[in-house]
Structure formats: structure tokens, C-alpha cells
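Following: one structure in C-alpha cells, then a few remarks.
The values are calculated or read from the model by the stated rules, or taken from the named source; none is laboratory data. Everything quoted here is computed from the prediction, not taken from an experiment. Methodologically, a virtual Cβ is constructed for each residue, glycine included, from the backbone with ideal geometry; neighbour enumeration extends over all protein chains shown.
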Amino acid sequence: MRPDLHAARRRWRSLAVLAAVALSALGIAASLYSFHALVTRFYVTKENLVFVSTRAEVELARYSSSLLGMAAARGASAEALTEAELRFDIFLSRLELFRGGVVAEALSEGQEERALLARIETIEPALDPRAVQDWSPEGMRALERRISGVALLMQEISLIALRRELRSEKELLRVLDTSVAASGAFFAMGTLALLFFLRARSRALRNAERARAAAEAADRAKGDFLAKMSHEIRTPLNAVIGLTNLLGGTALATQQRQFVETMEAAGSQLLQVVNDVLDFSRLQAGRVEIAAAPIELRGFVDRLLLVIGGLPGASRLAISSSIAPDLPARILGDDARLMQVLSNLLANAVKFTREGEVRLDVSAERGPDGGEVLRFAVSDTGPGIPEEMRDEIFEPFRQAGAERLRPHEGTGLGLSISRGLARLMGGNVVLAPASGRGACFVTTIPLRAAATQDDARVAAPVASRSGPLVILVAEDTPTNQLVIRLMLEGLGHRVRIAANGVEAVEAFVAEACDLVLLDIQMPLMDGFEAARRIRGSGARGRAVPILALSAFTQPSDRDEATRCGIDGFLSKPVRQKNLAEALSRFAGEAPRAA
Amino acid sequence: MLEALGVSRTRTTTVWTNGPQDFEGVSLKALLERVGAFGDRIDAVALNYYKVEIPVSDFARWPVILAWRQNGQLMRVRDKGPLWIVYPQDDFPALNNKEAQGKWTWQLKEIRVK
């Protein structure tokens, strides 16, 4: 059966059950109402026919008895006559009830009853003791015969009354039966409806559970695909960029150098596109995790400006920063994500500004919900954002002036990603209202001060030494092995290569080295495990600086790396310059020009 | 003798008659006070030995009368006279039921205060 037909049939069935429940409830209400009306009628109307007719019979009998006294007195004594007249009057007063009020009303309903009423009208003159002339035994017998006739009439009335009573009781019983049946139907239908809806509910829950599981599976698959793509695209790209970088360091003709520089720029651009798309996809899928670790604010800003200062076109601009004095020295936040947001905004500012300056101003302000927020204002002296584009620029794949100007390089995802990340961090990225020239993008995140105590890992004393270092590199991809070897040797160091984590640990134990560079994703044993083993291998293993070499994208990876004893990170693609800086920081090696 | 206590009138329908009836008689409350009767209940007894117990508080709650005239006529025995305890049924819906109607003692012979 087709599913929509199935659903329609289920809907009809549930409607039918509901209708049956409603109908039986209505039945109960209706029958109870008529039951109530009947009982009320019985209660409000005291004089029922049976009572009235039997009382009349009794009073007739009393009158008849009083006549016995007359017979005993052998004639109409004055006293006996008075008694007989009283009893007769009382009997008449009972007959009167058949002529008025509710009893008369009830009797007027049937033909039989109306005929009886007509006969009652004839009783009075025939029985009245005041009308009796002859109190002789013969006269008395004639009176007795008349009384007997009336007694028969009264008995007939009583029997009719009994039959009527019976009919009323049967009606009452019938109404009661109806309400009992309606109640039964109601409870049966109600139970059925309850079972029905419970079943429907559990089915809906099951379906929802199934849909949720499917959605989760799809989400996982998407995430896995993204991770795989990230790795599969970036690994060869890293090799291309790294080798191009190295190629630039060799003796080249001017034109060759131009080609190499263009290649490197194009490679970086491609990497940026890949990174943007991956970041955007992760944000869309809600797969971005935000870490909270202490960030040294001054150092953070310096690093940021260092990166920005190296961008093409930065040299023609005045790039400056300020940090408000009332800010804490260390804040809590996600260093990498915050860096990503701000470097994107700063890079945009540099990209769009032909001349003048780019500024980064850090301050604290009161947020909309009353909490303190950290405010990073990136302002430039570029063309600014046209008023009508203010909202659009944050849409994915949008760039200011995309229609009018030659499109700038990039995917147009940068602002969208920046805003998404900032919002994940509990803040936002907005375009400040236009004032004068240029544009000003304001990034806010909740301000949380970190403990002022220095982080042990950052402060770890590193033996300062000069001269060539012996560096153990664990890297599984041959092209990357080549790139990193060439870069390190270019810096004057000696390199030992291990193809995976197992080899790396063996090599470390076998022979001393000054620094370990571990790729994270490797066959047999990954970089995390290798770092753990090296740290566990003894005093030498605890002292050696270990750097991770990976395209880290998840903060959880960084946390994991820290737990494994990894001191620092180098993100792929590795540039010789970054490598030199890292070596100087972690092994006390003075940086050399790449 | 009863008329000396002041005449009270009640107009009401009854379940034994057709249409509203004008009753005239003495307030039972005034009557019991006049004869100095102390008690919570009375037994009303009729000529045909019908007997019903009535709480005296009824007479404080409602203007119950001991009627001797119905529609201007003195009531004979055959008209449920000579005395009839009449409740103002139309003015008080609470009186419109069998229990109250049972207290409408007609052909009243005696009142026993308990």
C-alpha cells in the first residue's frame, strides 16, 4: 500500500474513533438529562395517581364503615349522621383531586381515563347521606349497593393508576438502560481511542527517532567527507606550496622568479579557498568546536599584525594597533578562531585599501545583555562599504562591489565565516555605521579574564643553543618528507625522517635529537600516540621539544595534542619562515632568513 | 377567634388545583407565638388521621399560613377545609417539591407542639 494512502486511512480511522467517542458521550449526556427530567417530575409532583386513587378508596371504605354505625343505631341518629356526613365530605374532597391539579392533568391524557372522569362526576348525588330519606334496612342496603358500585369504579381507577405507574417505571428503566449502554460505549470507544492514539504516538516517536538517527548518520557522513576532503586536497597542495616556496629560494632568472612567485600566490589562494569552503561547510553543519584557553592579549595582537604585515600590499599602508589600558593582560578564548576572524577582517582591510592606514583597536564595552564584551575594531581608509551593501556583505559568496568592480580574489565566504565563528564564540561581527571614509568592522566576544599566572607550557625553559639542530621528522607522505627536509636543511639543520609514529619512537629511542616534528595523521601510529610514547620514554623524552605538524582545524585536536605533551603547532602548509620562527621559539634557535 | 390574630394572605398555585389560588388565614408563626408554644417541631394531624411533622423553623423561614378561606370562600371539608396549612410555593422555588408539598396539611384537626 502506498504510504499516503496508508496515512489517509489511518486519519479516517482516528476520525471515526473520535466521532464514536463524541457520539457516545453525547448519548450519555442526553440519556442522563432525560433521566434527570423524569426523576425531577416525580419528585416535584407529589400527588401521583396511585396515591390519590387508593386514598379515595380508603375514604370511601371509611364512609361505608360509618354507615354501619347507623345500622347499629337502627336509624339515623344525629351523631352517627354527622360522622357519616364528615366521612362523605372527606371522600368528596379526595374525589375533588381528580378534577383539578396535576392528577387531573395526568388523567386527561388518555381516552380511558377521560371516560372514568366522566363517571366520577355522577357519584356525588347518589351517595350523599344528606340526600338519603329512607334509613330503613332496605334503604341502607340500596345505599350499600351504590357504594359497592362506586368502590368498583375507584378500584378500576386504582388499577389504571398502577398501569400508568408501571409504564413510568419502565420508561425510567429504559432511559437508565440507555445511559448504561451509552456509558459502556463511551468507555469502550474511549479505551479504543486511547490505544489508538498511544499507538500513533509511539509510531510517531519511532519515526522521529529513525529520522534523527538518519540525520545524524548523514551529518557524520558529511563530516567524514569534509575531513577526508580536507586531508586529500591539502596534502598535495601543501607539497606544491612548500616546493614552490623552496624553489623561490634557489637561483632563478627574473622571469622564472616571477613565475614561481605567481605560482606560490596562486597556491596560497587555492588553499585559502579550500579552507574557506571547508570552514563554511563546518559552520553550516554545526561541526565547529570553540575552545577556551588563556590568551595573552598583547602577544595575540602582535602575532596578528605580524601575519597581516606580511600580506602583499601591506607595505604601502600604515598598520597600527591599540589596546585599551583597562583590559586584562590575559583573556579566555579560542586563540585560533579569534585569530581567524580578525586576520580575515584585517586582510580584507589591507586588500581593499589602496593607501592610508589599517587599524586594530581593542577595548572593552558593555554588551547588549549587560555583560562586558571585548571589542576589536578593524578600520581602514579604503573605499568603504556602500550603504545598500551593509547587510549583503555578510551573506555567503558576496563581495562589496562585486558587480561594478573587477571581482576581488577570494570566495566571498570570509565575512560570513567570520561572523559565524564570532557568533559561535558568543559574540558577533558587525559593520560599524559609516563615519567619514573607509570601513570599520567590529568584532565582539564576551570578555572573560584569565588567571594572571603564566602558563607553564609557554614558560617552559628551553635550553638555548646555537648551531645546527638534529631534528626528527615523522611524516608519511614522501613529497612532504621532501619539502620539510629541504626546508630544514635549508635552515642549516640535520634531518632524520621517520615514515610513521612507530618508526619515530624507535628512532628517538635509538639516537638523541634536539627537536621532534610529528605529523598527526600517519599510518600504524598517529602523532598523538607517538608524542605520548616519546614523553614516556624517559628523561630525554620528557625534555625534548615536540611540535605537531598538521592541518589542525578542530580545537579538540589541539586539546588532545596538549594532553599528549605536544609543545607547539605548525600548521600546513609549512613555510620556511614559520618553521624558522617555531624552531627559535621552542629550541632556542635564532631565526634565520628563509 | 383566629381572625383576631390578624389576617395573612398568600397567593400561590398548588399541585391539587388549577390556576393561582388566594388563601386567607393566620400566620402560623404568629399563632404559635400567641399561644405561647415552645418546641422545635409540630405534628399536624388531619381529619382523616393524616399526620406530618413540621419543623417550627419553617414558619420563620417562610410566611406559612393556616388558611380558612380559599378564593374568598370559607373552606368546607369537601374543599379541604376548614383549615389548610399553606406554604407560599410560588414565591420560593425551594418549596416546589414533594417534601414541602407533604406539609400542606388540609382538613387540619389538631396541631401538637413537640
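Listing for the model above:
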| quantity | calculated |
| --- | --- |
| Which numbered condition A:ARG375 fails, given (1) charged (D, E, K, R); (2) within 23 Å of A:ALA318 (Cα to Cα); (3) at pLDDT below 70; (4) surrounded by 15 or more Cβ atoms within 10 Å (Cβ to Cβ) | (3) |
| Only listed residue being in the same structural domain as A:LEU159 (by TED's automatic domain parsing) and farther than 19 Å from A:MET154 by Cβ, chosen from A:PRO125, A:PRO137 | A:PRO137 |
| Region B:45-59: number of residues that are within 14 Å of another protein chain (Cβ to nearest Cβ), farther than 9 Å from B:GLN107 by Cα and of a type in the set (A, V, I, L, M) | 1 |
| Condition broken by A:ASN275, with the remaining ones in (1) of a type in the set (S, T, N, Q); (2) part of a helix (DSSP H, G or I); (3) closer than 22 Å to A:ALA580 by Cα satisfied | (3) |
| Residue within region A:74-81 that is within 14 Å of chain B (Cβ to nearest Cβ) and at pLDDT below 90 present | no |
| Residue list for region B:62-100, restricted to those being part of a loop (DSSP other than H, G, I, E, B) and within 17 Å of A:ASP89 (Cα to Cα) | B:MET75, B:ARG76, B:LYS80, B:GLY81, B:PRO82, B:LEU83 |
| Residues being of a type in the set (A, V, I, L, M) and part of a loop (DSSP other than H, G, I, E, B) - total across region A:122-149 | 1 |
| Tally, over region A:239-281, of residues that are among the charged types (D, E, K, R) and surrounded by fewer than 17 Cβ atoms within 10 Å (Cβ to Cβ) | 2 |
| Number of the exception - A:LYS170 against (1) within 14 Å of another protein chain (Cβ to nearest Cβ); (2) loosely packed, with under 14 Cβ neighbours inside 10 Å | (1) |
| First in region A:50-69 and under 21 Å from A:ALA106 (Cα atoms), second anywhere and of a type in the set (Gly, Ala, Ser), Cβ under 6 Å, 6 or more apart | A:VAL50/A:ALA161; A:SER53/A:SER158; A:SER53/A:ALA161; A:THR54/A:SER158 |
| Breaking point among (1) exposed (fewer than 14 other Cβ atoms within 10 Å of the Cβ); (2) among the basic types (Lys, Arg); (3) part of a strand (DSSP E or B), for A:ARG359 | (1) |
| Set B:ASP58, B:ASP91: member being surrounded by fewer than 18 Cβ atoms within 10 Å (Cβ to Cβ) and among the charged types (D, E, K, R) | B:ASP91 |
| Selection within region A:53-67 - touching a Phe, Trp or Tyr at 6+ places or on another chain (Cβ under 6 Å) and among the hydroxyl-bearing types (Ser, Thr, Tyr) | A:TYR63 |
| Per-region count, region B:60-114, residues at the interface with another protein chain (Cβ under 9 Å from one of its Cβ atoms), under 14 Å from the mean Cα position of the chain (by Cα) and in contact (Cβ under 8 Å) with a residue 24 or more places away in the chain | 7 |
| Close pairs (6 angstrom Cβ cut-off, 6 or more residues apart or separate chains): within 14 Å of chain A (Cβ to nearest Cβ) in region B:1-29, surrounded by 17 or more Cβ atoms within 10 Å (Cβ to Cβ) and at pLDDT 90 or above anywhere | B:THR12/B:GLN89; B:GLN21/B:GLN70 |
| Some residue of region A:313-331 being out of contact with any helix residue (DSSP H, G or I) (no Cβ under 6 Å at 6 or more places or on another chain), among the hydroxyl-bearing types (Ser, Thr, Tyr) and under 19 Å from A:VAL373 (Cβ atoms) | yes |
| Failed item, numbered, when A:LYS222 is tested on (1) free of Cβ contacts under 8 Å to residues at least 40 places away in the same chain; (2) out of contact with any helix residue (DSSP H, G or I) (no Cβ under 6 Å at 6 or more places or on another chain) | (1) |
| Matching residues in region A:35-62 - criterion: being modelled with pLDDT of 85 or more and away from chain B (no Cβ under 12 Å) | A:SER53, A:THR54, A:GLU57 |
| Those residues of region B:10-41 which are in a strand (DSSP E or B) and under 12 Å from the mean Cα position of the chain (by Cα), in sequence order | B:THR10, B:PHE23, B:GLU24, B:GLY25, B:VAL26, B:SER27 |
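Quick grid of which residues meet (1) buried (at least 17 other Cβ atoms within 10 Å of the Cβ); (2) among the polar types (S, T, N, Q); (3) under 24 Å from A:SER230 (Cβ atoms); (4) under 52 Å from the mean Cα position of the chain (by Cα):
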position	(1), (2), (3), (4)
A:GLU475	yes, no, yes, yes
A:GLN481	yes, yes, yes, yes
A:LEU486	yes, no, no, no
A:ARG494	no, no, no, no
A:GLU503	yes, no, no, yes
A:ALA530	yes, no, yes, yes
A:GLY541	yes, no, no, yes
A:LEU547	yes, no, yes, yes
